[in-house]
There are 2 protein chains.
Amino acid sequence: MELSKITKVEAFLRPLAMILLVATACLVGLDTQTKYIIYYNKTVTYRDLKALWVLVYVTSIAAAYNLLQLSRCYFSARYQENLKGSRKLLAYWSCFALDQLAVYITFATTSAAMEHSILVLTGMDDFQWMKWCNRFTRFCFIIGGSLLCGYLASFLMVTLSFISAFNLFRLYSPKQFLTLKSRQ
Amino acid sequence: MELSKITKVEAFLRPLAMILLVATACLVGLDTQTKYIIYYNKTVTYRDLKALWVLVYVTSIAAAYNLLQLSRCYFSARYQENLKGSRKLLAYWSCFALDQLAVYITFATTSAAMEHSILVLTGMDDFQWMKWCNRFTRFCFIIGGSLLCGYLASFLMVTLSFISAFNLFRLYSPKQFLTLKSRQ
């Protein structure tokens, strides 16, 4: 059956996205640096920056979601293809909606963390906000790497959301609005 | 012809998105407040916050893009529907790709501006970053309203990107991978 070709692409991309998401969460979550500043030892972790804290949780949840979708690819894709009528539509619509939700949330969180990191890197003189990256260099480099992983994962998830959109919308007729092909 | 129904939905949503995007750009761009702080009069505008500066430009460009797409809806949708083969595919694919690009960039920029605004609102004691919104209250309220407009516009653009995905992918066969329906 030809249809499984796109399922194969999906089953190849999902683990990749999962690995990148886990890498992001681990890099951010385990990153820590201690330095002596003026009077005391200051330790920075992801908990100090709210945006990074959110990023760790969102990427973990997104990785778990991709694991669930991957198991669907392996175990029930054939079953899903053989569904008929409204149950098939429901399966494809929920896949599509969840994928869209996951990709937008991951992308927005990564962008927010990026913005926050740039502020930490450059500081803001107008607001009398100091920059901190000249003191915690290693911490900042690792965060940079993890944001790169996060963007790569977002990019893969965008591709996966295209696949689920493709799977859903090709069921519809090209001539009539919101009519299924089988009913033409 | 039935197909124009979805074009009508698109022609209704695009001006709405455009108005919201222009509202966001204007609210952020024209927002300013001056206050006497310790020694001198300090004026805040969108130029003080890099994320807002980017937001003004991105929303303006996205509004212009939606205007272009809207004119396509009115003048060439019927022409586009009557295209055949690879030219029709190219038209739908470019529409789809541009819509996706626009929605992701707008959404990411709005999220980054949101994150930056939250920092200005709450400050960050760990980093010795002061909060500023208790001093520039009116400025902050207007930015909050404009971010709401920005998110509403992003939401409409997500819906529009669904429409362009629907228009593109329903041209494809539900049985064979990446085969057009007409060739079945």
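The values are calculated or read from the model by the stated rules, or taken from the named source; none is laboratory data. From a predicted model like this one, the values you see are computed outputs, not experimental measurements. Glycine also receives a Cβ, built like all others from the backbone with ideal geometry; neighbour counts cover every protein chain displayed. These accessible areas exclude ligands, DNA and RNA; they are computed on the full protein's heavy atoms, side chains included. Shrake-Rupley method; radii C 1.70, N 1.55, O 1.52, S 1.80 Å.
Highest mobility in the GNM of chain A, judged by mean-square fluctuation with C-alpha springs under 10 Å and restricted to A:S60, A:S173, A:S164, is found for A:S173. Evaluated on the protein assembly as shown, the Kirkwood hydrodynamic radius is 22.7 Å, with distances taken between all distinct Cα atoms.
How much of the accessible area of the protein assembly as shown, probe 1.4 Å, is carbon plus sulfur, in whole percent? Could the numbers behind the result be given before it?
Values: 12760 of 18530 Å².
Carbon with sulfur: 69 percent of the solvent-accessible area.
Restricting the calculation to Cα atoms, chain B shows an Rg/Rh of 1.14 when the hydrodynamic-style radius is the Kirkwood one. For the residues B:F75, B:F139, B:F96, a GNM of chain B with alpha-carbon springs under 10 Å puts the largest fluctuation on B:F75. Adding -39500 (n - 2.57) for every DSSP H run of four residues or longer, then dividing by how many residues chain B holds, sets the calculated 222 nm ellipticity at -26000 deg cm²/dmol. Of B:K131, B:K88, B:K42, which is the most mobile in a GNM of chain B whose springs link Cα atoms less than 10 angstrom apart? The residue that fluctuates most here is B:K42. One compactness figure for the stretch B:1-79 is 1.63, namely its Cα radius of gyration divided by 2.2 N^0.38 Å. Could you pull out the pairs from B:K35/B:K131; A:K50/A:K131; A:K50/B:K131; A:K88/B:K84 whose alpha carbons sit more than 19 Å apart here? Long pairs (Cα-Cα over 19 Å): A:K88/B:K84.
With respect to chain A, whose longest principal axis is taken over its alpha-carbon atoms, helix A:4-30 is tilted by about 20°. Counts of other chain beta carbons within 10 angstrom of each beta carbon in peptide B:156-169 average 3. For the peptides B:21-29, B:144-152, residues were scored by their other Cβ atoms within 10 Å and the scores averaged per peptide; the highest-first order is B:21-29, B:144-152.
Just how far, in whole angstrom, is the stretch A:25-93 from the stretch B:34-93 if you go by their alpha carbon centroids? First find each Cα centre; the distance between them is then 30 Å. For the stretch B:52-155, the orientation-averaged shadow of the C-alpha convex hull comes to 8.3 nm² (one quarter of the hull surface).
Peptide A:120-126 shows a mean partner chain C-beta count of 3 within 10 Å per residue C-beta. Averaged over the residues of A:100-106, the number of partner chain Cβ atoms lying within 10 Å of the residue Cβ comes to 2.
Arrange the peptides B:114-120, A:44-50 so that the one whose residues have, on average, the most other Cβ atoms within 10 Å appears first.
Details: B:114-120: 21.9, A:44-50: 19.0.
My ranking of the peptides, most packed first, is B:114-120, A:44-50.
Using a 4.7 Å Cβ-Cβ cutoff, the cysteines of chain B lacking any partner cysteine are B:C26, B:C73, B:C95, B:C149.
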